[in-house]
Amino acid sequence: MSDDSSLAILLLGPAGATGLYWFLYRYYRNTDKSHGFERETAVVAKPVTGSDEKVGENNGTRETRIDGDNVHDYRERVQRVEDDSS
Amino acid sequence: MSNTNSPPPVPPYTGPGSPQEVPPAPGSSPIDPATLPGPIREELEAPDPVAIDTSAAELKDGLNRCPKCGATDIRHKHGTDLLVCQYCRHEWHGERVEEEFGFGEGHDSLEGTVIASGARDIAADAAHLMSFKCTGCGAEVTVNTENAMTARCHWCRHVFGINEQVANGAVPDAVLPFHIKKDDAVARIRQFVDKRRLFALKEFKEQFTPENVLGVYLPYMIVDGKTSVDVAGKGEIKTREYTRGSGKNQKTYYDADVYSVKRHVDFTVDDLPLESSSERGNLDTSKNTNNIINTILPFDTKNAVKWNASYLAGLNSEKRDLDVEELHPRLEEALLSIGRCQVEESMKRYDRGVRWERERIDVHGTRWVSMYLPVWLYSYQQPGSGMVHYIAVNGRTGETMGSVPVQQWKLLLAAITVGTFLEGIALWIVGNGL
């Protein structure tokens with residue numbers, strides 16, 4: 001067994017304890033809950049338009065997701081721009 | 001894109017577990033309850049209070065005088081949207097604002113900012129205490145609009161309701177009457193807490209008296225809007241997955257194509273609710289539990305009726321203290337989030353995800369209606385921290401959410417016990433070289 005995998009297995013206890021604590025804390029306090037207005041509001045949208053242009057490659061990475069992936073984090077605000085000359 | 005502006009100020013608390021995160025899907029759980037110890041599993045798997053569908057019947061409102069006998073002692077008939085005369089028992093309905101003022105149509109042609117009369121700016125010098133001359137006997141009667149909208153003349157028993165829209169923002173355009181009765185709300189709160197007793201604060205359990213729940217009308221702005229949202233960023237599509245090395249040093253690598261992606265969506269929203277009380281709109285979960293009240297949204301606001309103070313008789317109300325202009329930044333945030341949600345479907349081909357870097361919003365038109373929405377509210381102030389924990393029941397659908405204070409040492413003990421057990425297994429695996 002490699003040192004890496006031994007270390008990972010030994011982290012099972014602390015990770016399990018932390019995970020259970022946060023899970024139960026949230027279950028009682030519900031600090032992660034709010035109105036899911038993105039999906040619960042009546043929205044009538046026209047078809048989405050846009051463009052996709054290949055600009056490069058990211059080869060040989062060990063990351064499973066793009067750096068800064070926020071496609072599902074609708075409430076994470078990014079740089080706001082004022083005109084549409086993009 | 002050019003002329004960049006810095007993003008609007010972020011709320012004070014945005015870390016894990018904050019309501020600034022997209023909330024988890026209803027009924028979802030990050031841990032499979034089957035893997036947890038029996039007592040915890042039993043709590044998790046107990047049924048939740050059921051929310052009911054109130055695709056309501058006709059709602060009504062009327063004058064403060066009974067249309068049949070002219071008496072002023074008018075009450076809301078609980079569990080319905082009816083008003084009932086306490087003198088002749090006549091019952092009647094009011095007009096739904098949706099049809100009366102055309103709030104349910106014309107979203108696609110909205111331009112500029114349309115503000116219903118009850119949502120106008122609050123006058124800076126407006127007083128909370130308002131005096132009225134009793135039309136029955138001429139006595140002066142005072143109503144504190146901070147928490148009540150009706151009063152009874154102490155001389156002739158005439159009942160007053162504040163029906164004309166006054167400059168202090170206390171009178172909204174519409175009200176959504178309570179449908180859920182107090183007994184039902186009490187049962188729902190009890191059911192909710194019964195699912196959370198094992199690690200609940202001892203004092204909370206000892207003092208738990210759901211019969212003390214209060215019916216409160218909370219102030220909201222209900223907004224219709226027509227908007228365009230643009231987003232731009234980078235997306236990656238996996239082209240190859242391979243391993244290098246062998247045995248213990250084997251590692252997985254990925255190749256990906258990087259794309260510059262842009263999306264544009266035009267949409268209209270119908271009846272987006274925003275808290276119009278600055279206190280209720282503060283969802284900082286490190287300081288308060290207002291997110292609980294936020295969670296029981298939405299309401300069937302389509303069924304709201306024209307304002308009539310008689311609906312509030314015997315119930316509490318909170319006054320609005322935010323104007324349309326002050327709510328604009330929150331509206332834009334919400335519309336941007338909705339826009340980002342709308343374009344998500346078109347990003348499925350990017351299997352390694354998308355990093356949105358810039359966003360732009362163009363609000364073409366909005367329509368604002370001030371509304372009182374019904375909430376059953378149970379509150380408990382935690383000794384020491386002073387944090388007020390709410391358990392709230394949606395007065396229309398019965399949707400229930402709450403914050404139950406935890407007994408920290410119990411929770412830590414449970415977590416450490418489970419952690420120690422898991423660590424024992426880990427040590428056994430490592431020790432035996434499995």
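Of the conditions (1) surrounded by 17 or more Cβ atoms within 10 Å (Cβ to Cβ); (2) under 30 Å from B:Ile237 (Cβ atoms); (3) under 21 Å from the mean Cα position of the chain (by Cα), A:Leu20 satisfies every one except a single condition; which number is it?
(2)
What number of residues within the range B:262-304 are in contact with a Ser or Thr (Cβ under 6 Å, 6 or more places away or on another chain) and in a loop (DSSP other than H, G, I, E, B)?
3
B:Tyr217: out of contact with any Lys or Arg (no Cβ under 7 Å at 6 or more places or on another chain), crowded, with 22+ Cβ neighbours inside 10 Å and not β-branched (Val, Ile, Thr), yes or no? Working first, answer last.
Working: out of contact with any Lys or Arg (no Cβ under 7 Å at 6 or more places or on another chain): yes; crowded, with 22+ Cβ neighbours inside 10 Å: yes; not β-branched (Val, Ile, Thr): yes.
So B:Tyr217 passes the test.
Of B:Pro19, B:Pro23, B:Pro47, B:Pro39, which residue is at pLDDT 75 or above, in a loop (DSSP other than H, G, I, E, B) and within 12 Å of chain A (Cβ to nearest Cβ)?
Details: B:Pro19 fails: at pLDDT 75 or above; B:Pro47 fails: within 12 Å of chain A (Cβ to nearest Cβ); B:Pro39 fails: in a loop (DSSP other than H, G, I, E, B).
Answer to the selection: B:Pro23.
B:Val354 versus (1) under 26 Å from B:Leu176 (Cβ atoms); (2) within 7 Å of chain A (Cβ to nearest Cβ); (3) among the β-branched types (Val, Ile, Thr): which is the lone unmet condition?
Only one criterion is unmet by B:Val354, namely (1).
Of the numbered conditions (1) part of a helix (DSSP H, G or I); (2) of a type in the set (Val, Ile, Thr); (3) within 27 Å of B:Asp173 (Cβ to Cβ), B:Val343 satisfies every one except a single condition; which is it?
(3)
Given the conditions (1) modelled with pLDDT of 50 or more; (2) more than 29 Å from B:Gly395 (Cα to Cα); (3) within 12 Å of another protein chain (Cβ to nearest Cβ), report the number of the one that B:Ser28 does not fulfil.
Going through (1) modelled with pLDDT of 50 or more; (2) more than 29 Å from B:Gly395 (Cα to Cα); (3) within 12 Å of another protein chain (Cβ to nearest Cβ) one by one, B:Ser28 breaks only (2).
Under 8 Å between Cβ atoms, which residue pairs at least 6 apart in sequence (or on different chains) link something in the range B:322-346 that is within 11 Å of another protein chain (Cβ to nearest Cβ) with a partner that is acidic (Asp, Glu) and part of a helix (DSSP H, G or I)?
Partner pairs satisfying both residue conditions: B:Ser337/A:Glu38; B:Ile338/A:Glu38; B:Arg340/A:Glu38; B:Cys341/A:Glu38.
Filtering the range A:23-63 down to residues that are surrounded by 13 or more Cβ atoms within 10 Å (Cβ to Cβ) and among the β-branched types (Val, Ile, Thr), which residue is nearest to B:Glu344 (Cα to Cα)?
This residue is A:Val48.
Examine the range B:402-424 for a residue that is within 30 Å of B:Val258 (Cα to Cα) and of a type in the set (Gly, Ala, Ser), and state whether such a residue exists. Let's see the steps before the verdict.
Keep residues of the range B:402-424 that are within 30 Å of B:Val258 (Cα to Cα), which gives none.
Checked against the condition, which is being within 30 Å of B:Val258 (Cα to Cα) and of a type in the set (Gly, Ala, Ser), the range B:402-424 yields no hits at all.
Would you say B:Asp61 is at pLDDT 75 or above, part of a loop (DSSP other than H, G, I, E, B), surrounded by 14 or more Cβ atoms within 10 Å (Cβ to Cβ) and of a type in the set (D, E, K, R)? Lay out the reasoning, then the answer.
On the way: at pLDDT 75 or above: no; part of a loop (DSSP other than H, G, I, E, B): yes; surrounded by 14 or more Cβ atoms within 10 Å (Cβ to Cβ): yes; of a type in the set (D, E, K, R): yes.
So B:Asp61 fails the test.
Sort out which residues of the range B:221-257 are without any contact (Cβ under 8 Å) to a residue 24 or more places away in the chain and either surrounded by 13 or more Cβ atoms within 10 Å (Cβ to Cβ) or assigned to a strand (DSSP E or B) (or both), and write them in order of number.
We begin by selecting, within the range B:221-257, every residue without any contact (Cβ under 8 Å) to a residue 24 or more places away in the chain; these are B:239-253, B:255, B:257.
Passing the criteria: B:Thr239, B:Arg240, B:Glu241, B:Tyr242, B:Thr243, B:Arg244, B:Lys251, B:Thr252, B:Tyr253, B:Asp255, B:Asp257.
Hey, can you tell me all the residues within the range A:68-86 that are of a type in the set (Asp, Glu) and either modelled with pLDDT under 95 or under 23 Å from B:Val363 (Cβ atoms) (or both)? Spell out the reasoning first.
Taking the range A:68-86 and keeping what is of a type in the set (Asp, Glu), we get A:69, A:73, A:76, A:82-84.
Listed by number, the residues that qualify are A:Asp73, A:Glu76, A:Glu82, A:Asp83, A:Asp84.
The values are calculated or read from the model by the stated rules, or taken from the named source; none is laboratory data. Everything numeric here is computed off the predicted structure, so don't read it as measured data. Using ideal geometry, Cβ is built from the backbone for each residue, glycine included, and neighbour counts are taken over all protein chains shown.
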